[in-house]
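Presented below is the structure to which this report refers.
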Amino acid sequence: MNVKITGFDEDAEIPFIDYEAYGLSVEQMDFLNENLDDETSVNGDVFKIRVYFEEIFPFQSDIAKIRLDDFIAREEIEMNVFLSSFLEDM
């Protein structure tokens, strides 16, 4: 599975990050779409998820603004691990 951040808005009423996951089977995408509490959708062979952050937004620190690429990569890895562990219950 490959996870990419496709967008984010830290200034929204509730800040969010949009992710896309590639390399999942139809069954895996359906399982995630039906069982995750976050806003999800399936578009062809791409699983999409929007995660809202009501407490702490991952990119809000001054360091994140300077090293944004590093913080985005970390978030992509963390989402990959989260989705992979969630799929273990499948």
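The values are calculated or read from the model by the stated rules, or taken from the named source; none is laboratory data. This structure is a prediction, so every number in the text was calculated from the model and none was measured. Quick reminder, even Gly has a Cβ in these numbers, built from the backbone with ideal geometry, and neighbours come from all protein chains shown. Surface areas here come from the heavy atoms of the whole protein model, side chains and all, with no ligands, DNA or RNA. Shrake-Rupley method; radii C 1.70, N 1.55, O 1.52, S 1.80 Å.
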Residue match in region 77-84 (condition: surrounded by 12 or more Cβ atoms within 10 Å (Cβ to Cβ), of a type in the set (G, A, S) and modelled with pLDDT under 95): no
Pairs with Cβ under 6 Å, 6+ apart, first in region 33-53 and more than 14 Å from M79 (Cβ to Cβ), second polar (S, T, N, Q) and open to solvent by 40 Å² or more (accessible area, probe 1.4 Å): V42/N33
Test: S85 is over 10 Å from the mean Cα position of the chain (by Cα), within 18 Å of M1 (Cβ to Cβ) and not hydrophobic (A, V, I, L, M, F, W, C): yes
Unique match (being farther than 18 Å from P15 by Cα and of a type outside the set (A, V, I, L, M, F, W, C)) among R74, R67: R67
Criterion (more than 16 Å from the chain's Cα centre (by Cα), charged (D, E, K, R) and modelled with pLDDT under 95) met by exactly one of D62, D69, D37: D62
Within region 14-38, considering residues that are part of a strand (DSSP E or B) and open to solvent by 20 Å² or more (accessible area, probe 1.4 Å), the one nearest to L87 (Cα to Cα): Y22
Search result, residues across region 39-76 that are in a loop (DSSP other than H, G, I, E, B) and open to solvent by 60 Å² or more (accessible area, probe 1.4 Å): G44, D45, E54, E55, I56, Q60, R67
F86 being within 16 Å of P15 (Cα to Cα), out of contact with any Asp or Glu (no Cβ under 9 Å at 6 or more places or on another chain) and not in a strand (DSSP E or B): no
